[in-house]
Amino acid sequence: MSHSARHAEALGARLPPLLVTAERVAATVAQGVHGRRRVGQGDSFWQYRPFLPGDAVNRIDWRQSARSDRAFVRETEWEAAQTVALWRDGGETMRWKKAGPVEKAERAELLLLALAALLLRGGERVRLIGTEGRPVSGLDRLASLLGQMNDPGGVPPEAPLPRHAQVVLIGDFLAPLETIQAAVGRLAAIPTRGHLLQVLDPAEALLPYEGRVRFEGVRREAATLISRVESVRDAYAARLAAQQDGLQAICRAAGWGFSVHRTDHPAEAALLGLYMALAPQVGRR
């Protein structure tokens, strides 16, 4: 049996409890939020956002833009539903678990389903990047599609999305920055607004080992033996910080949000952050 087939079988086996957990997490977060403000053709001011490729020049708010070195577009509020496209990394690096309570893949799938539950309750159109492309009407159907995805991981595939859709990408984003930049750039050029959530095992975030340790890659890379792990901890932390700084810069350039979640932290906190990132309040920009 192939790796992807084993993954699909394992996901299918745990989907019922995963759906129950997702609904519980969504219900917890729903108690603390009061709906979403949406961009569209209404008259009420919503926010300013950076001018993006594909925007009409006549949409630039020159007064707001004069206060900065960037051009800004004035957006108004809309009461109709819009499309939110979701993706989670299904690659081999997401199957890793060391110090956290669950695999990164399981936490990513939980957050995706819980976010979808919140959005569907709010009347939004939700779809998965990497599947048939049509919006889904229920969480069961979304979970079924999630189990059918053959995702090599790393970055989301190219996907035809409607203009001004919102995008949420969930993964460890440890691929080369230029690869991630190309993927985010393609989506931002549609244009879309989005948020990137990096999910890490606490061992990846902290490298909490001591002494002689043998590290083996999840993609059958050659093993690396380090005689004193504590001697490379600072260099490792600097490398991870540089990756995260790069991810932050990519998202900032695209007008997207970026955040980090560790699997030993509550899923509810990450879900609330994602949900509120899709629902900026007036004056938050």
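The values are calculated or read from the model by the stated rules, or taken from the named source; none is laboratory data. Just so you know, these numbers come straight off a predicted model, no measurement behind them. Ideal geometry is used to build each Cβ from the backbone, glycine not excepted, and the neighbour counts take in all protein chains shown.
For GLY123, indicate whether it is free of Cβ contacts under 8 Å to residues at least 24 places away in the same chain, over 13 Å from LEU86 (Cα atoms) and over 16 Å from the mean Cα position of the chain (by Cα). Spell out how you get there, then give the answer.
Working: free of Cβ contacts under 8 Å to residues at least 24 places away in the same chain: no; over 13 Å from LEU86 (Cα atoms): yes; over 16 Å from the mean Cα position of the chain (by Cα): yes.
Considered against the rule, which asks whether it is free of Cβ contacts under 8 Å to residues at least 24 places away in the same chain, over 13 Å from LEU86 (Cα atoms) and over 16 Å from the mean Cα position of the chain (by Cα), GLY123 comes out as no.
Out of GLN198, GLN243, I need the residue that is more than 24 Å from GLY130 (Cα to Cα), at pLDDT 90 or above and either within 18 Å of the chain's Cα centre (by Cα) or buried (at least 18 other Cβ atoms within 10 Å of the Cβ) (or both). Which one? Write out each step before concluding.
Working: GLN198 fails: more than 24 Å from GLY130 (Cα to Cα).
None of the others qualify; the one that does is GLN243.
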Fill in: Number of positions in region 125-148 that are surrounded by fewer than 20 Cβ atoms within 10 Å (Cβ to Cβ) and in contact with a Ser or Thr (Cβ under 8 Å, 6 or more places away or on another chain)
4
Response to the item:
Condition set surrounded by 11 or more Cβ atoms within 10 Å (Cβ to Cβ) and touching a Phe, Trp or Tyr at 6+ places or on another chain (Cβ under 9 Å), scope region 216-240, selection modelled with the highest pLDDT: answer is ARG233
